[in-house]
Amino acid sequence: MAGRRSAGLLLYRRTADGGVEVLLAHMGGPLWERRDAGAWSVPKGEYVPPEEARDAARREFTEELGLPPPDGPWVLLGEARQASGKVVTAWAVEGDLDPERIVPGTFEMEWPRGSGVTGTFPEIDRVAWWTPREAYERLVVGQRVFLERLAERLASRA
């Protein structure tokens, strides 16, 4: 398996009006703080075999949100190659989560670039529930296919 790989979990919930909302994470750090469109992601992270993608998705959900993923059946949404060449594998699971309860993991980077100053930043700075239409505009372009696949899977179950 050549190249970088990530795995993630797209949480969804049903709304009172019969619709669906998905939980997206806004990427943290100074590079993303002023962006909205294309700055949200499925909670995910990199893994290296022999770790399995599903195990990585569970681990990364917990690391990024500070909460375990909900119980319930996972629906495979498949793989998508990102513009960077990274391959992301995603699953969907139905559940609910209060965005106020997240405790994001952190990372360190030099900021501002070239300053010699290292800062600590949250991996994600917030999460929010969105309708698929709202989510589509915010989600990183290479991950939008997961919304389409989730809609297909839910429609085939109806």
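Looking at A92, A135, A83, just one residue is farther than 16 Å from Y12 by Cβ and not charged (D, E, K, R), and that residue is A83. If I filter the range 109-121 for residues that are assigned to a strand (DSSP E or B), open to solvent by 20 Å² or more (accessible area, probe 1.4 Å), out of contact with any Phe, Trp or Tyr (no Cβ under 7 Å at 6 or more places or on another chain) and aromatic (F, W, Y), do I get at least one hit? No, the conditions are met nowhere in the range 109-121. When E64 is tested against the conditions (1) part of a helix (DSSP H, G or I); (2) open to solvent by 90 Å² or more (accessible area, probe 1.4 Å), the lone failure is (2). Among the residues of the range 131-140, those identified as surrounded by 12 or more Cβ atoms within 10 Å (Cβ to Cβ) and either more than 17 Å from the chain's Cα centre (by Cα) or outside any loop (DSSP other than H, G, I, E, B) (or both) are P132, E134, A135, Y136, E137, R138, L139. Considering every residue within the range 27-48, establish whether at least one is farther than 30 Å from G119 by Cα, open to solvent by less than 10 Å² (accessible area, probe 1.4 Å) and either polar (S, T, N, Q) or touching a strand residue (DSSP E or B) at 6+ places or on another chain (Cβ under 9 Å) (or both). Among the residues of the range 27-48, not one is farther than 30 Å from G119 by Cα, open to solvent by less than 10 Å² (accessible area, probe 1.4 Å) and either polar (S, T, N, Q) or touching a strand residue (DSSP E or B) at 6+ places or on another chain (Cβ under 9 Å) (or both), which makes the answer no.
The values are calculated or read from the model by the stated rules, or taken from the named source; none is laboratory data. Note that this is a predicted model, so its numbers are computed, not measured. We place every Cβ from the backbone using ideal geometry, glycine too, and count neighbours over all the protein chains shown. We work out accessible area using only protein heavy atoms, side chains counted, and drop any ligands, DNA or RNA first. Shrake-Rupley method; radii C 1.70, N 1.55, O 1.52, S 1.80 Å.
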